[in-house]
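Inspection log for the structure reproduced underneath, given as structure tokens.
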Amino acid sequence: MLYHSEVLTVLKVVVIGIEGEINMGFIVRLCKNFDVDELAIVNPQIDPWSEEVRRFAAKGVDYLYSSRVKVYNTLDDALKNVSISACTSGVVSIEGIDILRRAIELDEFVNIAVRYDDVAIVFGRESVGLTRDEIAKCDLLVHIAANPEYPILNLSHAIGIVLYALYKAFKKSSVLDKIDKASEEQLHILDRYIDELATIVSSNEFQKELFTISLKRLFRRTLLSRSEVGLLITFIRRIYSKIKKEESTA
């Protein structure tokens with residue numbers, strides 16, 4: 001389940017008429033990667049639990065045998081109790097004449113999705129995508145920006161892109177959250193050494209200010225760990241000491 005602003009969001013991936021076992025395996029793996037609550041398979045054309053599917057699911061195979069993977073006969077059944085649904089298509093109406101194929105960009109959908117508790121994203125067949133009737137059953141049509149000369153993405157690739165965007169938007173935990181981040185005290189010490197180094201590198205006050213501001217902003221924008229800041233402090237301190245020593249012996 002995905003969390004945002006203290007609200008629990010249930011995310012469902014709906015795949016209609018899947019035709020390829022390899023794609024099915026990759027999709028299962030992606031659903032585990034991004035902690036999808038339910039993978040709804042509508043009228044599959046292959047065995048979702050075949051040996052080939054299991055092989056390409058890799059270490060996500062346990063997801064395949066969990067209660068999260070469900071098979072439905074119709075899209076209507078798969079979309080029951082969903083607050084908002086969106087389907088994806090590489091074929092959209094550029095001029096907006098075909099209202100049914102009037103799409104929004106993925107970023108816009110993500111901004112909408114974060115307001116709902118139950119979200120479903122619907123994907124079509126590898127060969128022909130979604131029918132017009134299936135598109136009409138969804139609340140929104142989403143387009144993933146790609147090269148206009150070849151905008152049709154592989155099914156599992158499209159699912160991966162959408163899930164990543166939703167995962168980030170809902171502020172799901174990341175392995176990077178476990179990094180031992182540098183403290184403000186450490187960063188202030190680093191700032192002091194940057195100031196001291198800038199003082200001996202340049203006598204021009206304006207240039208010195210540019211040096212210090214640029215470096216301080218650079219380090220603030222970077223997710224530095226405690227050990228990384230420690231190494232930077234040691235590095236700058238040694239440069240400072242070496243320059244001062246050379247100045248004293250000159």
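Lys and Arg at +1, Asp and Glu at -1: add these up for the other residues within a Cβ distance under 14 Å of VAL71 and post the number.
Within the 14 Å Cβ shell, the charges total 0.
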Notebook entry, point to check: How high is the relative contact order of the chain, in percent, counting Cα pairs under 8 Å that sit 6 or more residues apart?
Noted result: 20
Notebook entry, point to check: Where in the chain are the DSSP H helices whose C-alpha atoms run 27 Å or more along the long axis and whose mean Kyte hydropathy is at least 1.0?
Noted result: none
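Calculate the dipole size of region 120-168 relative to its Cα centre from +1 charges on Lys and Arg beta carbons and -1 charges on Asp and Glu beta carbons; express the result in debye to the nearest 20. Display every interim value, and only then the final one.
Working: 4 positive and 5 negative charges, 23 e Å.
Magnitude of the dipole: close to 100 debye.
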Note to self: Can you tell me the length gained on complete extension of the stretch ASP195 to ARG102, counting 0.36 nm per residue apart and subtracting the Cα distance?
What the structure shows: 28.0 nm
Check: Counting only DSSP beta bridges with both residues in the chain, what percent are antiparallel, rounded to the nearest 5?
Finding: 15
Check: Per the helix-only calculation at 222 nm, which mean residue ellipticity applies to the chain, given -39500 (n - 2.57) for every DSSP H run of n ≥ 4 and division by its residues, nearest 500 deg cm²/dmol?
Finding: -14000 deg cm²/dmol
Margin query: So if I place +1 on the C-beta of Lys and Arg and -1 on the C-beta of Asp and Glu, and nothing else carries charge, what would the dipole magnitude of the chain be about its Cα centre? I want it in debye, nearest 20.
Written below: 980
Next item on the list: May I ask for the Kirkwood hydrodynamic radius of region 2-173, worked out over all distinct Cα pairs and given in angstroms to one decimal?
Entry: 16.1
Check: Along the positive direction of the dipole of the chain (beta-carbon charges: Lys, Arg +1; Asp, Glu -1; about the Cα centre), which of SER248, LEU30, PRO44 reaches farthest?
Finding: SER248
Margin query: Strictly over 21 Å apart at the Cα level, which of LYS59/LYS80; LYS12/LYS32; LYS181/LYS244; LYS32/LYS181 would you flag in this model?
Written below: LYS59/LYS80; LYS181/LYS244; LYS32/LYS181
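Every number in this text was worked out from the coordinates using simple rules, so none of it is lab data. What you see is a predicted model, and the numbers here were worked out from it, not measured in a lab. Every residue, glycine among them, receives a Cβ derived from its backbone with ideal geometry; neighbour counts consider all protein chains shown.
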